[in-house]
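> Mind looking over this structure? Questions follow.
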Ligand SMILES: Nc1ncnc2c1ncn2[C@@H]1O[C@H](COP(=O)(O)OP(=O)(O)OP(=O)(O)O)[C@@H](O)[C@H]1O
Ligand SMILES: [Mg+2]
């Protein structure tokens, strides 16, 4: 499911141009009660600066999606604080592409994208203009009147991204947006997102299991521990902007991928061991 409305968010409004910022301080999240309790997050600290693209990796079940929903103000943390600062001009602080992305099957591509703007009360002309601009940017113009069932998986995913982008919020939260795609298509969409973002910067938190994707897209890669998740690594990506997919071939790329994997591997192994114990 999507949320592109930023509903319920109460961002701290800074003056225009002061920049966007996400500050997560000592955040914890416990689900359930009694013996059914699951501690998803514990002591998470994370700071995302204006126009920074931060990728987050971590073992399955470590609380990444939970953290993203807390930042989007769709869930409350059990402990700690999240402060989201956007400029005073921001109508919607954030837009979200969820892990199990879905678009409405009964709406056309165009209406799905338009739906992202419903809550904003924009003049009709502006709505039409923005929708056609984002359909164009995501190569969907020719499919504007198609229904999702008539599209490939990659195109549906583009619709999902267009619906979040059309909001033109200062913060974009993306939860494994390419996970359902095959390897080739995933590469195409990664490169498209790279170009799109370099063209039109936003503050982004992007969750992925794919280390290669994290390095290609991110300014920083944050590594989470196994559950309860907390930040155990924070790496600057040593490639400037604009960059392209050719950086994949460099020694620095391979070295960072290796380092991330080294750190993550312990967490994944520990998680597997813990699950084996429970079984
Ligand atoms: N609504 C919920 N109620 C109870 N437990 C939940 C709920 N949502 C998540 N959890 C639990 O919290 C933990 C973290 O879940 P979360 O979905 O945030 O992990 P994740 O890092 O996004 O995993 P994945 O990489 O598989 O997407 C898991 O153990 C999960 O079962
Ligand atoms: Mg998740």
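The values are calculated or read from the model by the stated rules, or taken from the named source; none is laboratory data. The structure presented is a predicted model; accordingly, all values stated were derived computationally and were not measured. For neighbour counting, all protein chains shown are included, and Cβ atoms are generated from backbone atoms with ideal geometry for every residue, glycine included.
> Hey, among 164, 179, which residue is part of a helix (DSSP H, G or I) and modelled with pLDDT under 95? Full working, then the answer.
Details: 179 fails: part of a helix (DSSP H, G or I).
Exactly one residue qualifies, and that residue is 164.
> Within the group 259, 236, 246, which residue is farther than 24 Å from residue 138 by Cα and free of Cβ contacts under 8 Å to residues at least 24 places away in the same chain?
Working: 259 fails: free of Cβ contacts under 8 Å to residues at least 24 places away in the same chain; 246 fails: farther than 24 Å from residue 138 by Cα.
Testing whether each residue is farther than 24 Å from residue 138 by Cα and free of Cβ contacts under 8 Å to residues at least 24 places away in the same chain leaves just 236.
> May I pose another question? Suppose we filter the stretch 164-202 for residues that are within 16 Å of ligand 1 (Cβ to nearest atom) and touching a strand residue (DSSP E or B) at 6+ places or on another chain (Cβ under 6 Å); how many remain?
Residues in the stretch 164-202 being within 16 Å of ligand 1 (Cβ to nearest atom) and touching a strand residue (DSSP E or B) at 6+ places or on another chain (Cβ under 6 Å): 5 in total.
> Looking at (1) at pLDDT 95 or above; (2) within 20 Å of residue 65 (Cα to Cα), which one does residue 256 not meet, given that it meets all the others?
Among (1) at pLDDT 95 or above; (2) within 20 Å of residue 65 (Cα to Cα), the lone unmet condition for residue 256 is (2).
> Quick one: how many residues across the stretch 107-141 are in a helix (DSSP H, G or I) and either closer than 23 Å to residue 200 by Cα or touching a residue at least 12 places away in the same chain (Cβ under 8 Å) (or both)?
Taking the stretch 107-141 and keeping what is in a helix (DSSP H, G or I), we get 109-115, 118-120, 124-137, 141.
Going one step further and asking which of them are either closer than 23 Å to residue 200 by Cα or touching a residue at least 12 places away in the same chain (Cβ under 8 Å) (or both), we end up with 109-110, 112-115, 118-120, 125-137, 141.
The total comes to 23.
> Those residues that are more than 16 Å from ligand 2 (Cβ to nearest atom), part of a loop (DSSP other than H, G, I, E, B) and either within 12 Å of the chain's Cα centre (by Cα) or crowded, with 19+ Cβ neighbours inside 10 Å (or both), I need them from the stretch 193-222; list them, please.
Residues satisfying the conditions are 202, 218.
> Check residue 39 against each of (1) under 13 Å from residue 203 (Cβ atoms); (2) modelled with pLDDT of 90 or more and name the one condition it does not meet.
So the condition that residue 39 fails would be (1).
> Could you list all residues from the stretch 21-57 that are within 14 Å of ligand 1 (Cβ to nearest atom), surrounded by fewer than 15 Cβ atoms within 10 Å (Cβ to Cβ) and without any contact (Cβ under 8 Å) to a residue 60 or more places away in the chain?
If the condition is that a residue be within 14 Å of ligand 1 (Cβ to nearest atom), surrounded by fewer than 15 Cβ atoms within 10 Å (Cβ to Cβ) and without any contact (Cβ under 8 Å) to a residue 60 or more places away in the chain, then 31, 32, 33, 34, 35, 36, 37 are the ones that fit.
> Moving to a separate point now. Restricting attention to the stretch 58-81, does a residue exist that is within 13 Å of ligand 2 (Cβ to nearest atom), in a strand (DSSP E or B) and either surrounded by 15 or more Cβ atoms within 10 Å (Cβ to Cβ) or under 18 Å from the mean Cα position of the chain (by Cα) (or both)?
No, there is no match, as no residue in the stretch 58-81 is within 13 Å of ligand 2 (Cβ to nearest atom), in a strand (DSSP E or B) and either surrounded by 15 or more Cβ atoms within 10 Å (Cβ to Cβ) or under 18 Å from the mean Cα position of the chain (by Cα) (or both).
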